[in-house]
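Below is one structure; the comments refer to it alone.
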Amino acid sequence: VKVQGSQIATLSGGTYQSITTLGSSTLTMHPGLYCIEGNLDIGGGTWKVDGNMDDGITLFVKGNVTINGGVVQIRAPLSAGWTTEPASYGYTYPTLPGLLLYVDSPGGAAAVKINGNSSNDYFRGTINYPYGDITINGNAENVQWLVEVIGNTVKINGTAATDITYNGNNGFPGF
């Protein structure tokens, strides 16, 4: 799937070869599980999840993950179960509570880079790439990062103040 220019697209959970956004496009994802066989490349515009704040997405990616600017408002679901968002489609997709992104690239062959400079960004859930390196860059203040980041190496760069606080009562199940 490629969304570019000023295009607007909405996706439902399922299997995709790759997902790419460019320019001032808008990509909205219905809650559910997204299996991406190749790369996830968000290159600007707006990327968000619809539904209520308890709903969310789980991304299972086998290739590179690059989130480069734009406004990103994504979240993992808070509870397990099945979603039928939107109900009119008649499909159901599993949800994995707390897991936002899992990168399956044994040996660390893939790269995960998140470059955000928007104070409107919102991330909630675990980012897990146990075999590889995760780089997070950004200069925006007030970005909401409600995440656990698990990787072989995790690098955080930028000029914004970064607070990392662990609260065992707010942990995500399974990790």
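The values are calculated or read from the model by the stated rules, or taken from the named source; none is laboratory data. Nothing here was measured: the structure is a model prediction, and the numbers come from that model. Methodologically, a virtual Cβ is constructed for each residue, glycine included, from the backbone with ideal geometry; neighbour enumeration extends over all protein chains shown. Each accessible area value is taken on the protein alone, full model and side chains, heavy atoms only, with ligands, DNA and RNA left out. Shrake-Rupley method; radii C 1.70, N 1.55, O 1.52, S 1.80 Å.
Between N120 and D54, the simple spin-label model (points 7 angstrom out along Cα→Cβ) gives 2.8 nm. Taking all protein chains as they are arranged and a probe of 1.4 Å, the heavy atoms of S24 leave approximately 80 Å² accessible to solvent. Between Q144 and S12, full extension at 0.36 nm per residue minus the direct alpha carbon distance yields a gain of 45.1 nm.
Under 5 Å between amide hydrogens, built in the peptide plane, is the criterion, and for L99 it picks out T126 among residues at least 5 positions away or on other chains. Taking the Cα centre of region 23-77 as origin and assigning +1 to Lys and Arg Cβ atoms and -1 to Asp and Glu Cβ atoms, the resulting dipole is close to 100 debye. Taking 0.36 nm per residue of sequence separation and removing the Cα-Cα distance, the T153/D104 pair yields an extension gain of 16.1 nm. For K2, the aspartates and glutamates whose Cα falls under 16 Å of its own Cα, not counting residues fewer than eight places away in the same chain, are E37, D41. Short to long, the 10 Å bins of the Cα pair-distance histogram for region 4-57 hold 25, 54, 21, 0 percent of all pairs.
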